Amino acid sequence: MSDDHQVRHCQCGTRLARDNRDGHCSPCLSQRLRNPGEAPEVPAEFWGEAFVSGALRRRHMGQVIRAWRTHPHHGRHPVPQTQVAAWVGMSQAQLSRVENGPPIVHLDRLAQWATVLRIPPDRLWFALPARNDRIDQMEGGVDRRQFFASAAIATGGILRGQPTPESRESDEAVLWLAWHLWQSRTDELDLSRVPQPFVRRLNTHPHVVRGAGGGYRFTDPHLTEVLVAHRVFGDITHGSGHLLATAQTSHATDLVISRLVAGEEDTRRGLVLLMRRGATAVLRVNAAGILAKVGAAELDDGAISVIRADQDARHLYVTAVASRVLKVPWEQAAHLSAMSESQRNGWESGVSGDTRSRASRLLTDELMNSRDAAARWCAALLVSGCIDTEDAGTRSVIMSAVRRERCPENLRAFAAALAGVTPLAMG
């Protein structure tokens, strides 16, 4: 028997038998089989080989994933797309599109793949968001590292330009502030609620100021919506509805998320499923609110159809529209929503004619809101209870809205409002 065969070794250094075709010794192979839910570690030289380094130089994460999967280091057979896709909650078809489609541009997803595949930071063409395990321990309920990763694109592009090592610690504090301002539904957070490690960073950040009461706020309050929207969008693209289910999102947050979702077909499909089958009314109404603002006719009609049929989600959506448009407290808006849903007039008892006239004017103006198809439907539902069908000015505004409207569900709702009946009565 000849001994001139090439000597091969496992990645652990163990010499492999002549008939070993897997490229791994038995202990390493057993370890890989015991942990199919995560990517195995690879040697440092793996990333320097032309097959992989070429994909990294092209800055195409999909090609990097394919090069990683098909590398001979893994044995005779490539790592299946189904297995790799499962590591990030994708389907095999979605991963195929990532590998063969245009390059990923969202930093949260780039960072996710870099972490999953254990790509050395010095091989990447982008900076990984900072990680701070101490912050993770201070705050429960939300994966802060995922929050920082998905929102880093916002801080990098809006607050400071490209992130640098010096800016990351301050950005973590800013992202923490945005999340808690959003949860508290306020523009300013009291100093007593800010963890001590963040105080110094917020004090020196150019986009954070101290209010009259000593609390922290952004120089532009809209930054809260933008940063949180990127966080929620990142959660959705990872296949999770966790954050959408925690609290009802605002009109402004939905608008930002809808712009991010517009170019993501898979994400839109996921939102449609959440809108139709979500476990809670908050999750369903949030998904509908985002889809209704994308600006696609089929999504507009789909969102309104769900709102019409889903009483709990409808109550939340109508309440939000009433509160925003009429500038009334949430409790009063919820009362008006309940009255409209029960097909009773919520404007009759104890409401002056001037108040009713103002509400009619504001709600008919909302019928022209081109950014939210479902809000137009909700406004029609509300206006049907306070409209003066004999007022020529009001009827003229509704007719103008009819001429601009392309959504069949809204056209039916506007017709009901002109007739002074609830859209819920329309078949």
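The values are calculated or read from the model by the stated rules, or taken from the named source; none is laboratory data. Here the structure is a predicted model, which is why all the values come from computation and not from measurement. Note that we place each Cβ from the backbone using ideal geometry, even for glycine, and neighbour counts take in every protein chain shown. The protein model used for the area step is the full one, side chains on, heavy atoms only, and it has no ligands, DNA or RNA in it. Shrake-Rupley method; radii C 1.70, N 1.55, O 1.52, S 1.80 Å.
Couple of notes before you dig in:
- A search for C-beta distances below 6 Å between a residue of the stretch 68-97 that is touching a residue at least 12 places away in the same chain (Cβ under 8 Å) and farther than 22 Å from Glu264 by Cβ and any residue that is among the aliphatic types (A, V, I, L, M) and open to solvent by less than 20 Å² (accessible area, probe 1.4 Å), counting only pairs 6+ apart in sequence or on different chains, returns Trp68/Leu117; Arg69/Val79; Arg69/Val84.
- Selection over the stretch 396-412 of residues that are within 18 Å of Arg361 (Cβ to Cβ) and open to solvent by less than 60 Å² (accessible area, probe 1.4 Å) gives a count of 5.
- Qualifying positions in the stretch 227-249 - surrounded by fewer than 21 Cβ atoms within 10 Å (Cβ to Cβ) and modelled with pLDDT of 85 or more: none
- Condition check for Val294: outside any helix (DSSP H, G or I), open to solvent by 20 Å² or more (accessible area, probe 1.4 Å) and either charged (D, E, K, R) or touching a residue at least 24 places away in the same chain (Cβ under 8 Å) (or both): yes
- Of all residues in the stretch 260-290, those satisfying the criterion of being open to solvent by less than 50 Å² (accessible area, probe 1.4 Å) and outside any helix (DSSP H, G or I) are Ala262, Glu264, Gly278.
- If you check Thr237, Thr246, Thr253 for being more than 12 Å from the chain's Cα centre (by Cα) and closer than 25 Å to Leu283 by Cα, only one passes: Thr246.
- The condition (being farther than 21 Å from Pro121 by Cβ, modelled with pLDDT of 70 or more and outside any loop (DSSP other than H, G, I, E, B)) is satisfied by just one residue among Ala67, Ala85: Ala85.
- Here the helices (runs of 4 or more DSSP H) wholly within the stretch 297-346 that include at least 3 residues being surrounded by fewer than 19 Cβ atoms within 10 Å (Cβ to Cβ) and small (Gly, Ala, Ser) are 297-309.
- Filter pass, Gly215 being of a type outside the set (S, T, N, Q), open to solvent by less than 10 Å² (accessible area, probe 1.4 Å), modelled with pLDDT of 90 or more and closer than 25 Å to Val174 by Cβ: yes
- Being more than 21 Å from His335 (Cβ to Cβ), among the small types (Gly, Ala, Ser) and free of Cβ contacts under 8 Å to residues at least 12 places away in the same chain holds for only one residue in Ala373, Ala392, Ala415, Ala401, and it is Ala392.
- Qualifying residue in the stretch 146-155 (condition: open to solvent by 20 Å² or more (accessible area, probe 1.4 Å) and at pLDDT 75 or above): no
- When each of Asp136, Asp122 is tested for being in a helix (DSSP H, G or I), open to solvent by 10 Å² or more (accessible area, probe 1.4 Å), acidic (Asp, Glu) and modelled with pLDDT of 85 or more, the lone residue that passes is Asp122.
- Selection from the stretch 250-259 of residues that are farther than 18 Å from Ala313 by Cα and either open to solvent by 10 Å² or more (accessible area, probe 1.4 Å) or among the basic types (Lys, Arg) (or both): Ala252, Leu255, Val256, Arg259
- When Arg201, Arg231, Arg217 are screened for being over 14 Å from the mean Cα position of the chain (by Cα) and part of a helix (DSSP H, G or I), only Arg201 passes.
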